[in-house]
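Participant: I am attaching a structure below and will ask some questions about it afterwards.
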Amino acid sequence: MESLVLLKVGDLARRTGLTVRTLHHYDEIGLLKPSGRSEAGYRLYSQADVQRLHGIQTMRQMGLALSDIGALLAGEGMAPERIIGQQIRSLDQQITQATELRGRLTMLRDGLMAGADPDMGNWLEALALMTTYGKYFSSAELKHIFQNWNLIEADWLVVKDLVRSAMDRQLAPDTPEVQALAYRWMALMLHWMNGDLDLLERWGHMFRTEPTTHGRNHAPPGDMIEFIETAIKLRMALLEKYLTRDDLRALGHVPYTQWAALEEDVQQLLGRAVPPHHPNARAAALRWNALFDQLTRGNPPLRQKLVVASANEPLLQAGSPLSAPVRAYLHAALAHAAPVTKPTSAKTTLSPTH
């Protein structure tokens, strides 16, 4: 059942980014007539009106004249699936001009930006988010970003809770715990964007400059962004002393769960006082070596840069997913596991983000 909430023309203009004059014009030409009037004569818009406005605006972005839009909409019901389907059919006829818009409509239809059964609030939010995202990304980029979310979602939700806990305890950005979280955050973000630093920087810029995106679509709130970016900037400043942007783009991704499993296994070896030359210790060292190769995509020069960076920068080591005792043990064990490329430091780097 349609919501009984009605919006005044000023409220609708403000929440959709249109001008009151534009809405008045749509009314005057019969393109978007408000469903009601207040006792004082003010225009009042319903959920169905907002849905129709969505159709009008998206077809305007496609380049259709208002008279053509009116003809397309005349005599048809305004159910969400019908208007979206109608727009997609129109877009298919003008594919070159409509590529960007069609991508956004497809995301809306598939529930990436609005719910499966949107109410007025969902439609208003969708209109606003389409406008905001469109300032920074093409529809193809947005589709990639949203579809890749499942790659990091499980670990992301964990990291976000851990960051909130660190904030509640007022931990400083340069503490080992926060630096470890900064590493995980950075690694996840870069993996999400497939190593595309430019895309990642635009995403971060959007969240810094568009407060309406905070807390939406799994996005962190503004205070969390500010907190973790302070910690990340410390790491990035150190990394950029040793690595170029091309080096950062070339980094691979190692899921945190793999580092955590290695940490746990080696802690058990240490607890049982298993010597570094033992076969189990050598096997753990080879796993460590393989993860380091995965991080650097088998690139020896990049690997060496990371080794030098972590050896020279204690703050990078502070954020390592492996503890110092584990790294020391693995380093000793790796000496007995030749012939392999030997990392002189643990995986203490990070994959950049934001």
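The values are calculated or read from the model by the stated rules, or taken from the named source; none is laboratory data. What you see is a predicted model; the values in this text were computed from it and never measured. In this analysis, Cβ positions are derived from the backbone assuming ideal geometry, glycine residues included, and neighbour counts consider all displayed protein chains. Accessible surface areas use protein heavy atoms only, side chains included; no ligands, DNA or RNA. Shrake-Rupley method; radii C 1.70, N 1.55, O 1.52, S 1.80 Å.
Participant: Between S138 and Q267, what length in nm is gained on full extension when 0.36 nm per residue of separation is reduced by their alpha carbon distance? Intermediate results must be reported in sequence, preceding the final value.
Facilitator: Numbers: separation 129, 0.36 × 129 = 46.44 nm, distance 4.68 nm.
Length gained, S138 through Q267: 41.8 nm.
Participant: Heavy atoms only, probe 1.4 angstrom, no DNA, RNA or ligands counted: give me R245, R37, R184 ranked by accessible area, highest first. It would help to have the intermediate numbers written out before the result.
Facilitator: On the way: R245 90, R37 130, R184 20 Å².
Descending accessible area places them as R37, R245, R184.
Participant: For region 212-314, what does the relative contact order come out to in percent, with C-alpha contacts under 8 Å and a separation of six or more? Mind showing how you got there, number by number?
Facilitator: Working: 45 pairs, mean separation 33.2, N = 103.
Once divided by the residue count of region 212-314, the mean separation gives 32 percent.
Participant: Multiply the residue separation of A290 and R14 by 0.36 nm, subtract the distance between their alpha-carbon atoms, and state the gained length in nm to one decimal.
Facilitator: Values: separation 276, 0.36 × 276 = 99.36 nm, distance 5.46 nm.
My answer for the length gained is 93.9 nm.
Participant: Take the Cβ-Cβ distance between N280 and R245 as r, set R0 to 35 Å, and report the resulting FRET efficiency rounded to the nearest 0.05.
Facilitator: Numbers: r = 40 Å, r/R0 = 1.14.
With R0 = 35 Å, the Cβ-Cβ based efficiency is 0.30.
Participant: Filter K135/K241; K8/K160; K135/K160 down to the pairs with a C-alpha to C-alpha distance above 30 Å, please.
Facilitator: Details: K135/K241 32 Å; K8/K160 38 Å; K135/K160 27 Å.
Violating the 30 Å Cα-Cα cut-off are K135/K241; K8/K160.
Participant: Simple spin-label model, 7 Å along Cα-to-Cβ: A324 to T209 in nm?
Facilitator: The modelled label-to-label distance comes out at 4.2 nm.
Participant: At q = 0.09, 0.13, 0.20 Å⁻¹, work out log10 I(q)/I(0) for region 164-270 with the Debye formula, treating every Cα as an identical point scatterer and leaving solvent out; two decimals please.
Facilitator: The calculated log intensity ratios at q = 0.09, 0.13, 0.20 Å⁻¹ are -0.27, -0.57, -1.24.
Participant: Please work out the FRET efficiency for the pair Q170 and H25, using the Cβ-Cβ distance as r and a Förster radius of 51 Å; give the result to the nearest 0.05.
Facilitator: Details: r = 53 Å, r/R0 = 1.05.
Efficiency at R0 = 51 Å is approximately 0.45.
Participant: Would you kindly compute the Cα radius of gyration of region 250-310 and its largest Cα-Cα separation (Dmax), both in Å?
Facilitator: Rg and Dmax of region 250-310, Cα atoms, are 13.0, 38 Å.
Participant: What is the spin-label model distance, in nm, from T230 to A40 if the labels are put 7 Å beyond Cα along the C-beta direction?
Facilitator: 4.5 nm
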